[in-house]
Amino acid sequence: MIGISLCMIVKNEEKMLGACLESVKDLVDEIVIIDTGSEDNTKEIARQFTDLIYDFEWVGDFAVARNFAFSKGAKDYLMWLDADDVLLPEDRDKFLKLKQSMSPDVDVVIMNYNLGVEEDGKAKVQFRRERLIKKDRNYSWVEPVHEYVEFNYSHNILQSDISISHRQRTNRITDRNLKIIESILEKKGVLNSRQLYYYGRELTANKRFKEATIAFDEFLLKDNNQSSSFYLTTFQDLYHCYTELNDKDKAIKSLLRSFEYIPPRAEIVSKIAYFYKEQGKITNAISWFQIALNLTKPTEDLGYIANDLWGFIPATELSTLYLTQGNIKEAVVYLKKAAEFNPSHPILQKLLLYIKYKIGQFPETKTLTS
C-alpha cells in the first residue's frame with residue numbers, strides 16, 4: 001500500500017484547520033504543516049495532529065512555500081490541501097480504497113475540487129486538480145499566485161472520482177493575490193498569459209472593472225494555449241465588468257464572443273438567456289434556455305462545471321417563463337424535466353402549487369406529488 005504525506009501551508013487558520021485535518025488524519029501517513037506567520041492558535045491546533053510543524057518566512061510566492069512543504073514530505077506520495085478543504089464521508093471511503101489498491105506506477109492523481117456543496121452533497125461548482133504527486137518524480141509548483149504543479153501529461157496520470165470539498169471562507173483578504181500579481185508586474189514590466197488572466201480575475205474581484213477589461217483583452221490577444229476554463233471565466237467576468245460599467249452592449253457581446261474560443265457552454269448560454277429575461281424579451285430568453293438545456297455536458301477538459309446550469313436551472317427557468325406566457329402545457333413539460341435533475345428542490349414544489357392554482361389540479365407527475 002502506498003504511503004502519503006499531506007503537506008500544507010497555513011496562516012491564521014484556527015477556524016478551519018481542525019476540521020480539515022480531522023477529515024484526513026487516518027487516511028494519510030504523515031501530516032506536514034508549514035506555517036507562514038500565524039498570529040492565532042493555528043499551530044496549537046496543528047499540534048493536535050502532528051509534530052511536523054515548520055515555520056517559513058513568507059516571501060510573497062505561494063509556489064515557493066508549496067515546494068518547501070513538499071520538500072518535507074517523506075512518503076511515496078505528496079498530497080496538498082488548503083485549510084478550508086475537507087473530505088466528506090463518501091470521499092473518505094473512496095480515498096481509502098484508492099490508497100489500498102493504487103499501483104505505485106501512478107505519477108499523479110487528479111481529483112474533483114468541489115466549491116459550495118449542497119445538502120445532498122452535490123457540488124454547485126466543480127473542477128479538477130492534481131492532488132496526489134509521486135515524490136520521486138520531483139515535480140515542482142510554479143507561479144507565485146494561483147500556483148499549480150507542473151507535471152508531464154505523458155506520464156502515468158490517474159483520473160479519480162474522489163472529491164475534495166472546499167468550504168466558504170468568511171475572512172478572505174480580497175487584495176492579497178492582486179498585490180502579488182502587481183508586484184510581479186512592477187518588477188518585470190510584463191505578465192505572462194496565465195498571470196494576465198488571473199490579473200483580470202483579481203481586478204474584477206476588487207471592483208476595478210475598467211482595468212480588468214483591459215487585462216482580459218490583453219490575455220485574449222496573446223497566443224494562448226490555455227484550458228477552456230480560462231476562456232469560460234474570462235467572458236463571464238467581462239460580462240460582469242461591463243454590466244457594472246453600465247455598458248449592456250459590450251456585456252452581451254462579451255458572452256457571444258466566447259463562441260470564437262470555446263464551444264457553447266451552459267454557463268455562458270444561460271447567462272445570455274438571463275440577459276434577455278432581464279430585458280423583458282421572454283421569447284429570446286426561452287430560446288437561449290432551450291439551447292442550454294440541450295447542450296451535452298463535457299467530460300474532458302472540464303475546467304469547471306456549474307452543475308445546476310447543465311439541466312436543472314434551464315428547465316426550471318423554462319417552466320417559469322412558459323407560465324408567464326400562460327402556456328401551462330409547456331410549463332408542465334419543463335417542470336418534469338427539472339425534476340429529472342433535482343426532484344426534491346423546493347422551487348419545484350412552488351411551481352407545482354402555482355400550476356395547481358392555475359388549472360385547479362395537480363398535473364400528472366408522480367415524481368413531484370408523491
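Observations on the structure shown:
- Beyond 27 Å in Cα-Cα separation lie the following of the pairs Lys281/Lys350; Lys15/Lys179; Lys75/Lys124; Lys94/Lys297; Lys187/Lys248; Lys277/Lys358: Lys75/Lys124; Lys187/Lys248.
- In a reduced charge model with +1 at each Lys and Arg Cβ and -1 at each Asp and Glu Cβ, segment 265-370 shows a dipole moment near 400 debye about its Cα centre.
- Taking label positions 7 Å along the Cα-Cβ direction at both Gln48 and Leu256, the computed distance is 5.6 nm, reported to one decimal.
- Toward the positive end of the charge dipole of segment 265-370, with +1 on the Cβ of Lys and Arg and -1 on the Cβ of Asp and Glu, the farthest Cα among Trp310, Ile328, Phe275 is that of Ile328.
- DSSP beta bridges confined to the chain are antiparallel in about 50 percent of cases.
- Distance between the 7 Å Cα→Cβ label points at Glu330 and Lys188: 5.1 nm.
- Antiparallel DSSP beta bridges within segment 4-166, as percent of all bridges there, nearest 5: 45 percent
- Förster radius 22 Å - calculated FRET efficiency between Asp29 and Lys124 (Cβ-Cβ, nearest 0.05): 0.10
- Within segment 73-169, the GluC sites (Glu not before Pro) that combine a DSSP coil assignment with at most 11 other C-beta atoms in a 10 angstrom radius are Glu119.
- Only Lys, Arg (+1) and Asp, Glu (-1) charged, at Cβ; the chain dipole about Cα centre in debye: 1340 debye
Each reported figure results from applying straightforward, stated rules to the coordinates on display, with no laboratory input. The shown structure was predicted, so the numbers you read here are calculated from the model rather than taken from an experiment. Please note: Cβ atoms are built from the backbone with ideal geometry, for glycine as well, and neighbour counts cover all protein chains shown.
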